[in-house]
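These notes are about the structure you will find just below.
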Amino acid sequence: MSQFPKPIDGQPPVITLAEYDEAPWAKDTAVDLSSDDGYIVVDIINESHEVIAKIHKDDHGTLDTIFKSAKQQFAEQQTK
């Protein structure tokens, strides 16, 4: 199992998108579109969706673009 980031003061750490992309544990996680406090979160795949990190808000625009593009591609594939 991957070594996930440790909580800071009981909260998941805030990381950049670049740090997430380079993390050896990224392959074992998923990025979720939102959380209660407005962060995009990283959670563990195949578990109770334990949030292990939050993506820094400066990177939300990039992720929003990626999510919108993926949704558009999915919708286009459904019409074929």
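Below, the figures for the structure above:
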read-out	value
Looking only at the range 48-61, and only at residues there that are loosely packed, with under 14 Cβ neighbours inside 10 Å and either at pLDDT 90 or above or among the acidic types (Asp, Glu) (or both), the one that is nearest to Gly10 (Cα to Cα)	Glu50
Residues (out of contact with any Asp or Glu (no Cβ under 7 Å at 6 or more places or on another chain) and hydrophobic (A, V, I, L, M, F, W, C)) located in the range 1-34	Met1, Phe4, Ile8, Val14, Ile15, Ala18, Ala23, Trp25, Ala26, Val31, Leu33
Unique residue being of a type outside the set (Val, Ile, Thr) and in contact with a helix residue (DSSP H, G or I) (Cβ under 6 Å, 6 or more places away or on another chain) when the list is Asp43, Asp36, Asp59	Asp59
Residues satisfying the stated conditions in the range 65-76, i.e. under 22 Å from Glu19 (Cα atoms) and either surrounded by 11 or more Cβ atoms within 10 Å (Cβ to Cβ) or of a type in the set (A, V, I, L, M) (or both)	Ile66, Phe67, Ala70
Matching residues in the range 51-80 - criterion: being charged (D, E, K, R) and assigned to a helix (DSSP H, G or I)	Lys57, Asp58, Asp59, Asp64, Lys68, Lys71, Glu76
Selected residue (criterion: nearest to the chain's Cα centre (by Cα)) from residues of the range 1-50 that are among the aliphatic types (A, V, I, L, M), more than 21 Å from Gly61 (Cβ to Cβ) and assigned to a loop (DSSP other than H, G, I, E, B)	Ile45
Residue list for the range 1-24, restricted to those being of a type in the set (S, T, N, Q) and surrounded by fewer than 10 Cβ atoms within 10 Å (Cβ to Cβ)	Gln3
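So that you can scan it fast, the table gives a plain yes or no per residue for (1) touching a Pro at 6+ places or on another chain (Cβ under 9 Å); (2) surrounded by 14 or more Cβ atoms within 10 Å (Cβ to Cβ); (3) modelled with pLDDT of 90 or more; (4) among the aromatic types (Phe, Trp, Tyr):
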{"position": "Ala26", "(1), (2), (3), (4)": "no, yes, yes, no"}
{"position": "Val31", "(1), (2), (3), (4)": "no, yes, yes, no"}
{"position": "Asp37", "(1), (2), (3), (4)": "no, no, no, no"}
{"position": "Val42", "(1), (2), (3), (4)": "yes, yes, yes, no"}
{"position": "Leu63", "(1), (2), (3), (4)": "no, yes, yes, no"}
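The values are calculated or read from the model by the stated rules, or taken from the named source; none is laboratory data. All of these numbers come straight from a predicted model, not from anything done at the bench. Cβ sites come from the backbone with ideal geometry, for glycine too, and all protein chains shown count toward neighbours.
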